[in-house]
Structures are given as C-alpha cells and as structure tokens.
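The values are calculated or read from the model by the stated rules, or taken from the named source; none is laboratory data. These numbers were taken from a predicted model, which means no experiment stands behind them. Cβ: placed from backbone, ideal geometry, glycine included. Neighbour counts: every protein chain shown. Just the protein is used for accessible areas: all its heavy atoms, side chains included, with ligands, DNA and RNA removed. Shrake-Rupley method; radii C 1.70, N 1.55, O 1.52, S 1.80 Å.
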Amino acid sequence: MTWLTWRQYRLQAALVGGLLAALAALLVATGIPVAAQWHSVLADCAAQGTCGSLPGTVFLGSHAIGFLVIMTIGVPAVLGMLLGAPLVAYEAETSARVFAWTQGVTRRRWLAVKAGWVLLVGAVSAAVVSALVTWWLGPDNALNGDAFSASRFDLMDIVPVGYTVFAVALGIAAGALVRRTVPAIGITLAGFVVVRSVITLWVRPHFMTAVTHVYALTGSWAPPGSAWQLAAGTIAPGGARLTMLDGADVAPNVSASWVPQACQGLGRVLTCMQSAGFRQFVTYQPGSRFWPFQFIEAGFYVALAAALIAVAFAVISRRDA
C-alpha cells in the first residue's frame, strides 16, 4: 500500500517538493540580508540611544517578498485540494475502487495507509513552510512587536500545521461523500475558508478571557509588548461601554454627544467628564498568551481533522464498492 500510494502521488510529491525548494531558496537568500539589516539597526540605535523610536521609522526586507510571505497563508488550502480531495474522489470517479476495495487489503486499511501518508506529507510540508516564514519574519516581529496580530499569527509556528491537517482531512471527507474530484476540490476550498474565517474572527478572541484595563479619561495607556488589542473606548459613569456613532469627537474614543450638559462649553471638557465618572478602557490578549493560543488553535483544527477522517471511514465502510 505504501508503494501504491507513492506511485499515485509521485507527481504531486514532485510538485510540492519543487515549490518548497524554490520557497526555501528565496526566503533564505532574502532573509539573511534582512537579519543583517536588523542587527545593524540595533547596533546603530543602541549607540545613539534611539531604539525606543524604531517602529514606524525602519522598514525591513521588501514589499514583494513580504507579499509572498503573506500569501503562504493559502498553503494549507492548496495542500488540502492537491493531496486530500483526490484521495477517495479520484478512485471513485475512475471506478478504480471496484478493484481496490475488492482485494485482500480491506477498504479501511486502504484508506488508513493512504490517508496516513497524505496527512503526514501535508503536515511536514506545512511545517517546513511555517519554519521558513517564522524565521524570515523574526526581525520584523522583533521590530514591530505584532506577532500576535492575525496577519502574523496565522503564518507562523505550529498553527499552519493544524490548518493543513484539517484541510487535507476535509478534502478526504469531501471526496468520500461526493465521489467527484472537482466538486471535492471546491468543497475543500469553500469549507476551509468558512471554518478559518469563523474561528479567526469570532472564536479565537475568546480562547482565553481577555484582560481589560481601565484608566483615567485624561490619561493614556497601551497594552505592553506584543499584546493583541481587541477593543478600546470610553466607560460611562453607570458602567456602560460607549461606542462611537459619529465622527464628531472631543478626543480619541470620546464622542461630543457624550459630553454632559454641565461640561459643555468648558475649556477642559475631559477633566470635567472625568470628574463626572467617565473613564477609558482597553481590552486585550497579553502577548504572553501567544503560545497557549497557538496550541489551542492547532489542537482545535487537529480535532476537526480527526472527526472528518472518522466521517470518511464511516462513508467508505457503508457504501458499496
């Protein structure tokens, strides 16, 4: 079965291997100068005592390579469509299952071996891409302290492996259900995008209870380090969190419509509002939670993948060859 799986997937394996080699060559060739530039910037700012003002004044790398790095967010979906979707669908579409599922190897073992190898190759490929991207983004993450932002979090460390395992499993399950390669590819892409969007936008912020910091209306405060800021605004005297409804404001996050009548027309409006009980707040996930969030999200996608593989096993076990 292992030899048969290799024979069937050798073209995809060659394509994935070639693309990984090209990506590795490009990122290493451009990443070394970026790292050298970053160390040079650190040395200069340390000598001048200006390291605190670096973000916003220094640009590392190039826009073209940076865009390519961001585009690696699509690698899991591509692997799911390329490796997972055809696994069962192609066999069913070409009626090869009539031969494969009536031999000495049971259909469960057939699926277990093929799915196991495909999932392993997908996970290893994603791990290689993630390692390259994480290394390439290292200096920029150190500069801007935004590794927890969605545009970086999804590209680095272990979550891309979880995404890929899920995408490949989704492709296998879709192929088992529809038994057509092209529809299975479409379902894999659509399902992957929908699940990723839902988890990223609505589930991830609640993996752990966010921290809320309340401070004076006349003061200023920002989450420390590479924290992920979720919300910011003004708290009314009664405790209600106010939302900006128009562009008329007397200060950031403070609408002119909230100014009490007693404070209107005064020169120090914010001081008056603060005396009346108004405060500011920031809600955020601390940067120290980066790795817990990585493990939670990766584990969530691996659990979804396990459920999808179980569905694929159930489908091929109950359907006729």
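Are there trypsin sites (Lys or Arg not before Pro) in the range 198-301 that DSSP puts in a loop and that have at most 16 other Cβ atoms within 10 Å, and which ones?
Listed in order of number, the matching sites are R268.
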field: Overall form of the range 193-249 per C-alpha gyration tensor (a/c, 1.5; a/b vs b/c)
entry: prolate
- prompt: Under a 5 Å amide H to amide H cut-off, with H placed in plane at 1.01 Å, what residues pair with A232 once short-range neighbours are removed?
  reply: T283
message: With a 1.4 Å probe and all protein chains kept in place, how much accessible area does L270 have, in Å² rounded to the nearest 10?
response: 50
task: Would you list the membrane-span-like helices of the chain, meaning whole DSSP H runs whose alpha-carbon atoms span at least 20 Å along their axis and whose mean Kyte-Doolittle value is at least 0.5?
output: 2-48, 107-144, 159-178, 181-198, 290-318
message: Suppose every Lys and Arg Cβ carries +1 and every Asp and Glu Cβ carries -1, with no other charges. What dipole size does the chain come out with about its Cα centre, to the nearest 20 debye?
response: 1200
statement: For H206 the rounded accessible area (nearest 10 Å², probe 1.4 Å, non-protein molecules ignored) is 140
task: For the chain, with a Gaussian network of springs between Cα atoms less than 10 Å apart, report the residue from A35, A276, A307 with the top mean-square fluctuation.
output: A276
- line: By the Cα gyration tensor axes a ≥ b ≥ c (a/c under 1.5 gives rounded; else a/b larger than b/c gives prolate, otherwise oblate), the shape of the range 115-239 is oblate
task: Given the options V259, V78, V311, state which has the largest fluctuation in a GNM of the chain using a 10 Å cut-off (strictly under) for Cα springs.
output: V259
- request: Would you mind getting the accessible area per residue of the chain, heavy atoms of the protein chains only, 1.4 Å probe, in Å²?
  value: 49
- prompt: Which shape class, rounded, prolate or oblate, goes with the range 211-285 when its Cα gyration tensor gives a ≥ b ≥ c as root eigenvalues, a/c under 1.5 marks rounded, and past that a/b bigger than b/c marks prolate?
  reply: prolate
- line: For F278, F67, the accessible-area ranking with a 1.4 Å probe, largest leading, is F67, F278
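Could you sort S220, S226, S257 by accessible area so the largest value comes first, with the probe set to 1.4 Å?
In descending accessible area the options line up as S220, S257, S226.
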- line: The percentage of the accessible area of the range 211-285 (probe 1.4 Å, all protein chains present) made up of carbon and sulfur atoms, to the nearest whole number, is 52
